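The values are calculated or read from the model by the stated rules, or taken from the named source; none is laboratory data. Everything numeric here is computed off the predicted structure, so don't read it as measured data. In this analysis, Cβ positions are derived from the backbone assuming ideal geometry, glycine residues included, and neighbour counts consider all displayed protein chains. Note: areas computed on protein heavy atoms with side chains; ligands, DNA, RNA excluded. Shrake-Rupley method; radii C 1.70, N 1.55, O 1.52, S 1.80 Å.
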Amino acid sequence: MSDMDYVFYRDRPEWSDVTPVEQDDGPNPVVPIAYSDKFKDALGYFRAVLRSNEHSERAFELTTSVIEVNSANYTCWHYRRILLDALQKDLREELAYAEQIGLSCPKNYQVWYHRRVVVERLRDAAQELPYTKTILGDDAKNYHAWSHRQWVLREFQLWEGELSFVDELLADDVRNNSAWCQRYFVINNSGAAAAAAAAGGLDAVRDREVAYAFKHIEAAPSNESAWNYLKGVLKGTFPLAADAAARTRAEQLALTHPAATPLLSFLLDVHEADAKACSNGGGEASLEKARELCEKLRGSVDTVRAKYWDYRLGRLRKSAWAEQ
Amino acid sequence: YTALCTLLILGDDLSGVARQPIVAALRQLQLANGSCSATAYGSENDMRFLYCACAISSMLGDWTGLDRERAVGYIMGSLCYDDAFGQGPGLESHGGSTYCAVASLALMGSLETALAGERRERLLHWLVNRQRLGFHGRTCKPDDTCYSFWIVSSLQLLGALDLVDAAGNHGFLLTTQTNYGGFGKWPEYPPDLLHSYFGVCGFTLMRHPGLLPLDVALNISERAKTHLAAVNSKCPPVQ
């Protein structure tokens with residue numbers, strides 16, 4: 001209904017039997033909100049309907065008006081869900097409504113929750129991947145969209161095509177940390193990954209992911225997201241020193257990119273792990289390499305974190321396995 | 001959470017607060033997975049409300065409304081592959097949820113056991129890497145005023161506040177302060193209450209003169225926290 005057509009509830013003859021209930025802000029309201037007339041009118045009638053617990057079409061329409069003036073009113077959304085049930089409303093129409101509101105406020109918690117409840121009741125997630133894709137098209141890092149998408153994937157087992165979707169997003173922006181996170185999520189939760197692991201062993205999956213990470217790292221060696229993904233994948237194989245392929249590629253890259261902070265940081269971790277692994281003093285060379293990297297990061301490459309690299313240097317010196 | 005904080009800030013003695021119903025409500029709002037939702041009507045559940053439940057329990061000196069073991073289970077289950085915390089399992093690590101997780105652990109007295117050794121070191125690494133000039137909440141996102149609170153207070157809770165580059169942080173915050181007063185989230189952005197509050201917190205954490213020190217776990221001033229302690233000393237604590 002356009003602004004021109006909107007009729008205040010107090011002017012609707014079909015609502016003349018209802019007395020609106022004013023908001024009670026107490027005797028001395030602090031920082032009272034300057035509600036618009038439209039807002040006060042709709043909420044006044046909503047409070048009345050809540051009190052009388054009216055389940056009707058007109059009450060349902062009223063919830064639409066309240067949501068229009070405040071889409072975050074969770075009491076209203078809750079009441080609307082009660083009415084959806086009581087009036088046996090068409091849930092597909094409701095999904096369309098949720099989409100309309102959602103597209104205009106993509107970071108509204110209540111809308112996303114409402115959508116989830118409707119989808120759960122419908123037991124039909126056919127629109128969810130396209131919908132979240134649309135939202136992510138406007139903002140590729142919308143946390144709500146990713147959260148909803150992960151829920152859909154898990155709940156309805158719709159894993160197929162997700163890795164390709166992640167690939168597309170990374171092609172758009174290789175630094176999209178949300179996309180990297182999604183890849184990790186899929187690899188670790190979808191049945192396909194488990195099957196690949198069963199077929200080729202966990203090592204095969206890990207090797208593939210290491211290669212995937214490096215493909216993107218080589219294109220943008222300072223991309224922290226890709227390095228974090230790599231480290232995440234290698235976690236199970238700590239000490240870091242154990243993965244020869246990753247170490248070799250990193251060392252090669254360091255020759256041509258001597259100032260890529262996350263690369264140097266990764267090598268620091270590798271040498272520190274090497275030193276730790278040598279218990280009889282054979283780790284001196286690794287410790288020296290680790291110290292050099294700390295000095296480089298602290299002194300020139302990553303000076304914002306000078307105090308942190310100082311801290312790391314201190315830890316290297318203090319560690320029980322370091323030579324005195 | 002905000003009502004109790006507001007009362008404490010205003011110096012109220014909480015005599016008008018019915019503690020038992022609040023604690024009973026928390027029991028209803030914690031889910032099987034250890035997280036909490038916001039209302040009995042049903043809402044999303046994530047690290048935010050778990051934090052609120054911990055803060056409420058702490059302020060009331062009554063933890064009987066929260067299953068702390070389950071809460072810690074949810075928190076640790078929300079550790080992302082990059083060693084910080086998402087809003088829930090599988091989700092991207094984020095400065096806001098990381099603060100909520102770390103502060104909740106601190107309030108529950110589980111910080112030292114849950115985040116020790118390597119885990120603590122890796123989380124520190126993630127946190128300090130959230131600083132470009134000011135701070136941002138997710139890897140490869142732009143700096144935003146409010147993360148000068150979420151990230152820096154997490155560092156403080158882990159005993160690593162001194163690792164922050166104060167000059168850069170200070171400089172960034174000055175760029176998000178507006179001519180109208182207050183702070184926006186980004187430079188040239190209009191101010192809002194949330195970013196203004198956290199902008200002031202950002203300066204507070206760096207011991208800017210003239211600002212009351214913060215109790216970072218509860219996110220109220222030490223003054224309000226001291227008042228809370230005085231109020232509760234007159235109240236028998238509940239185990």
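Descriptive notes on the structure:
- One residue from B:183, B:149 being at pLDDT 95 or above, away from chain A (no Cβ under 12 Å), over 28 Å from residue A:229 (Cβ atoms) and crowded, with 24+ Cβ neighbours inside 10 Å: B:183
- Residue-level analysis places residue A:115 among those that are under 26 Å from the mean Cα position of the chain (by Cα), within 14 Å of chain B (Cβ to nearest Cβ) and not β-branched (Val, Ile, Thr).
- Within the range B:108-124, the residues that satisfy the criterion of being of a type in the set (A, V, I, L, M) and open to solvent by less than 30 Å² (accessible area, probe 1.4 Å) are B:108, B:111, B:114, B:115, B:123, B:124.
- First in the range B:33-53 and among the polar types (S, T, N, Q), second anywhere and assigned to a loop (DSSP other than H, G, I, E, B), Cβ under 6 Å, 6 or more apart: B:37/B:43; B:45/B:31; B:45/B:35
- Residue count for the range B:61-80, restricted to those that are within 18 Å of residue B:1 (Cα to Cα) and either open to solvent by less than 10 Å² (accessible area, probe 1.4 Å) or hydroxyl-bearing (Ser, Thr, Tyr) (or both): 4.
- Selection count where residues are closer than 20 Å to residue A:222 by Cα, in contact (Cβ under 8 Å) with a residue 24 or more places away in the chain and exposed (fewer than 14 other Cβ atoms within 10 Å of the Cβ), scope the range A:166-192: 1
- In the range B:68-75 there is no residue matching the filter, namely being more than 16 Å from the chain's Cα centre (by Cα), farther than 29 Å from residue B:9 by Cα and at pLDDT below 95.
- For the range B:107-131, the candidate set comprises residues that are within 11 Å of another protein chain (Cβ to nearest Cβ) and free of Cβ contacts under 8 Å to residues at least 24 places away in the same chain; within that set, the residue that is farthest from residue A:142 (Cα to Cα) is B:118.
- If you go through the range B:186-207 and keep only what is within 22 Å of the chain's Cα centre (by Cα) and either among the aromatic types (Phe, Trp, Tyr) or open to solvent by less than 10 Å² (accessible area, probe 1.4 Å) (or both), you end up with B:186, B:197, B:198, B:199, B:201, B:202, B:203, B:205.
- Filtered residue count, the range B:81-97, keeping only those that are within 18 Å of residue B:33 (Cα to Cα) and open to solvent by less than 10 Å² (accessible area, probe 1.4 Å): 4
- Within the range A:48-63, being open to solvent by 40 Å² or more (accessible area, probe 1.4 Å), within 13 Å of residue A:87 (Cβ to Cβ) and not charged (D, E, K, R) holds for one residue alone: A:55.
- Top-ranked residue in the range A:282-303 [being within 19 Å of residue B:168 (Cβ to Cβ) and open to solvent by 40 Å² or more (accessible area, probe 1.4 Å); ranked as nearest to the other protein chains (Cβ to nearest Cβ)]: A:303
- Beta carbons closer than 6 Å, at least 6 apart along the sequence or on distinct chains, pair a first residue in the range B:223-234 that is assigned to a helix (DSSP H, G or I) with a second that is acidic (Asp, Glu) for B:225/B:215; B:231/B:13.
- Residue check, residue B:215 without any contact (Cβ under 8 Å) to a residue 60 or more places away in the chain, among the acidic types (Asp, Glu) and more than 30 Å from residue B:13 (Cβ to Cβ): no
- Condition check for residue B:139: under 22 Å from residue B:48 (Cβ atoms), within 12 Å of another protein chain (Cβ to nearest Cβ) and buried (at least 23 other Cβ atoms within 10 Å of the Cβ): yes
- Per-region count, the range B:8-42, residues open to solvent by less than 20 Å² (accessible area, probe 1.4 Å) and more than 19 Å from residue B:85 (Cβ to Cβ): 4
- Residue within the range A:149-158 that is away from chain B (no Cβ under 12 Å), within 19 Å of residue B:91 (Cα to Cα) and under 16 Å from the mean Cα position of the chain (by Cα) present: yes
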